[in-house]
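Following: one structure in structure tokens, then a few remarks.
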Amino acid sequence: MEGSDFDEGEFFRAIAGSGARVLLIGRRAMVAYGLPVLTADYDLWIDAGDAEALNAALAPLGLRPSRPPDEARGTGRYVLQNDEHVDVLLSRSGMPVEGVRASFDEMWSRRRILRFDDRTSMAVPCLDDLILTKRWAMRDKDVADIRLLQALKARLEGEDS
């Protein structure tokens, strides 16, 4: 089997040009913040009404949805894939953590725009919100990721003082 000629810059440019509200979450968001973590996939949280626009924008890259948008809205998630794997979360709010429910709209309003390259940027949650998304699963790697994110936050706050 021959792999695709996946171009990460083209992927992020297609997302940015889609008109969809898309947050890069998970470890790829950590990489965007400059943290040294490894991951093999992409995790996106999108506005539930934007699945069609995202799918259309990524179709030229060979990324195909695992289910139609209406069905995905019912389950709250789907996958875009070829030999790349993109998990797409499209619920209006995430799982509550310690009594706090994370709303997509609220996280979108606090998003940060980070540069991928000279022509491309991506939307990611602010550090506090990214930490909150890591608390949804609380796997061992999420606990380690939270420590890295908290250390980055402390360093950045120290630079601002």
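The values are calculated or read from the model by the stated rules, or taken from the named source; none is laboratory data. Because the structure is a prediction, the values reported are computed rather than measured. Glycine gets a Cβ as well: all are built from the backbone with ideal geometry, and neighbour counts include every protein chain shown. For the accessible areas, the whole protein counts, side chains as well, though only heavy atoms, and no ligand, DNA or RNA atoms are used. Shrake-Rupley method; radii C 1.70, N 1.55, O 1.52, S 1.80 Å.
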>> I'd like the GluC sites (Glu not before Pro) in segment 1-71 restricted to DSSP loop residues with at most 10 other Cβ atoms within 10 Å, sorted by number.
In response: Glu2
>> With a 1.4 Å probe and all protein chains left in place, how much accessible area per residue does segment 3-73 have, in Å²?
In response: 43
>> Within the chain, what whole-number % of the accessible surface is contributed by carbon and sulfur, with the 1.4 Å probe and all protein chains included in the calculation?
In response: 49
> What is the extension gain from Ile146 to Asp105, computed as 0.36 nm multiplied by their sequence separation minus the C-alpha to C-alpha distance, in nm to one decimal?
Replying inline: 12.5 nm
> Going by the alpha-carbon gyration tensor, a ≥ b ≥ c the square roots of its eigenvalues, is segment 1-64 rounded (a/c under 1.5) or, if a/c is not under 1.5, prolate (a/b greater than b/c) versus oblate?
Replying inline: oblate
> Residue by residue through segment 70-78, which ³J(HN,Hα) values in whole Hz follow from phi under the Karplus form 6.51 cos²θ - 1.76 cosθ + 1.60 (θ = phi - 60°), with glycine and proline marked x?
Replying inline: 4, 5, 5, 4, x, 8, x, 6, 7
>> Using Cα-Cα distances under 8 Å and only pairs 6 or more residues apart, what relative contact order does segment 34-135 have, in percent?
In response: 22
> What's the angle, to the nearest 10 degrees (0 to 90), between helix 8-17's Cα axis and the longest principal axis of the chain?
Replying inline: 80
> In degrees from 0 to 90, rounded to the nearest 10, what is the angle of the helix 140-160 Cα long axis to the longest principal axis of the chain?
Replying inline: 60
> Say a site is exposed when it is one of the trypsin sites (Lys or Arg not before Pro), sits in a DSSP loop, and has at most 13 other Cβ atoms within 10 Å; what is then the longest site-free stretch of the chain?
Replying inline: 1-91
> Given a cut-off of under 8 Å on Cα pairs at least six residues apart, what relative contact order in percent is computed for segment 1-61?
Replying inline: 41
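What net charge do the residues around Pro69 carry, taking every other residue with its C-beta under 10 Å from that of Pro69, with Lys and Arg at +1 and Asp and Glu at -1? It would help to have the intermediate numbers written out before the result.
Values: positive: Arg67, Arg73; negative: Asp50, Glu52, Asp70, Glu71.
For residues surrounding Pro69, the net value is -2.
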